[in-house]
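Asker: Structure below; questions to follow.
Nothing in this text is a laboratory measurement; each read-out follows from the coordinates by a stated rule. Remember, predicted model here, so these are calculated numbers, not experimental data. Please note: Cβ atoms are built from the backbone with ideal geometry, for glycine as well, and neighbour counts cover all protein chains shown.
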Amino acid sequence: MTSDEAWLVVDKDLWTDNQLNQLHAWAQTHINYGFALSNPSFEFWLLLHFEDGIGIRSSQDCIDRLKRHLPSYNKEIDTRKISRERINEAVCRAKKRDNPPCVDWPRAPGGTTVYRLIEKLL
């Protein structure tokens, strides 16, 4: 038995619901497949490393708020700014927001299931 897994990690961005449903369906075809999504953008997952992300409605909201914590953010991250403690905090914040846990993917802005992959990696 192998412990290998394959994950799709995307943000809501411009994906249609139908496209995301197809990605989720793919992840359901094998026990070692996973699907993680951040809505509205991957930056929401990054923002959770620093704060709760309350009131986020758009990708621009995410970037603006993230730049409060990482002023020079431009799709690149100084890995020294993301400690194990911050990762653990992001996982906790994401789990708190994903309650009850979504069964497919976060439909509303301000949600992410990336923490599910991160928990497996940790």
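Asker: Which residues' amide hydrogens lie under 5 Å from the amide hydrogen of GLY34, considering only partners 5 or more residues apart or on another chain, with H built in the peptide plane?
Answerer: ALA6, TRP7, LEU8
Asker: Can I ask one more? So how do 92-98, 34-40, 112-118 stack up, highest first, on mean other-Cβ count within 10 Å?
Answerer: On the way: 92-98: 16.9, 34-40: 23.3, 112-118: 21.3.
Ranked from most to least packed, the peptides come out as 34-40, 112-118, 92-98.
Asker: Quick one: how many lysine pairs in the range 6-121 have C-alpha atoms under 20 angstrom apart, if they're 8 or more apart or on different chains? Before the final figure, lay out the partial values.
Answerer: On the way: LYS12/LYS75; LYS12/LYS95; LYS12/LYS96; LYS67/LYS75; LYS67/LYS81; LYS95/LYS120; LYS96/LYS120.
Qualifying lysine pairs in the range 6-121: 7.
Asker: Let me ask another. Given the range 6-121, what percent of its DSSP beta bridges are antiparallel, to the nearest 5?
Answerer: DSSP beta bridges in the range 6-121 are roughly 25 percent antiparallel.
Asker: Report, in deg cm²/dmol and to the nearest 500, the calculated mean residue ellipticity at 222 nm for the chain, where each DSSP H run with n ≥ 4 adds -39500 (n - 2.57) and the sum is divided by the residue count. Intermediate values should be presented prior to the final figure.
Answerer: On the way: 5 runs with 50 residues, N = 122.
Result for the chain, helices only: -12000 deg cm²/dmol.
Asker: Can you give the FRET efficiency to the nearest 0.05 for GLU51 and ALA25, using r as the Cβ-Cβ distance and R₀ = 41 Å? Kindly include the intermediate steps, with their values, before the conclusion.
Answerer: Details: r = 33 Å, r/R0 = 0.81.
That pair, GLU51 with ALA25, gives E of 0.80.
Asker: Still on this structure: What ranking of GLU51, GLU43 emerges when the number of other C-beta atoms within 10 Å of each C-beta is taken as an exposure proxy, fewest first? Mind dumping the intermediate values first?
Answerer: Details: GLU51 15, GLU43 24.
So the residues, fewest neighbours to most, are GLU51, GLU43.
Asker: Using θ = phi - 60° and the Karplus curve 6.51 cos²θ - 1.76 cosθ + 1.60, what whole-Hz ³J(HN,Hα) does each residue of the range 105-122 get, with Gly and Pro shown as x?
Answerer: Karplus values, whole Hz, x for Gly and Pro: 7, x, 7, 9, x, x, x, 7, 10, 4, 4, 5, 5, 4, 4, 5, 5, 6.
Asker: Describe numerically, in nm with one decimal, the distance between label points set 7 Å from Cα along Cα→Cβ at LYS96 and at SER72.
Answerer: 3.0
Asker: Just to be sure I understand: with springs between alpha-carbon atoms less than 10 Å apart, which residue in HIS30, HIS49, HIS69 has the highest mean-square fluctuation in the Gaussian network model of the chain?
Answerer: Of HIS30, HIS49, HIS69, the most mobile in the Gaussian network model is HIS30.
Asker: Another one. From the phi of every residue in the range 69-78, what ³J(HN,Hα) in whole Hz does the Karplus formula 6.51 cos²θ - 1.76 cosθ + 1.60 yield, where θ is phi - 60° and glycine or proline is x?
Answerer: 9, 10, x, 9, 4, 8, 6, 10, 10, 6
Asker: Of the options TYR115, SER83, ALA25, report the single residue whose Cα projects farthest towards the positive end of the charge dipole of the chain (beta-carbon charges: Lys, Arg +1; Asp, Glu -1).
Answerer: Most positive-ward Cα: SER83.
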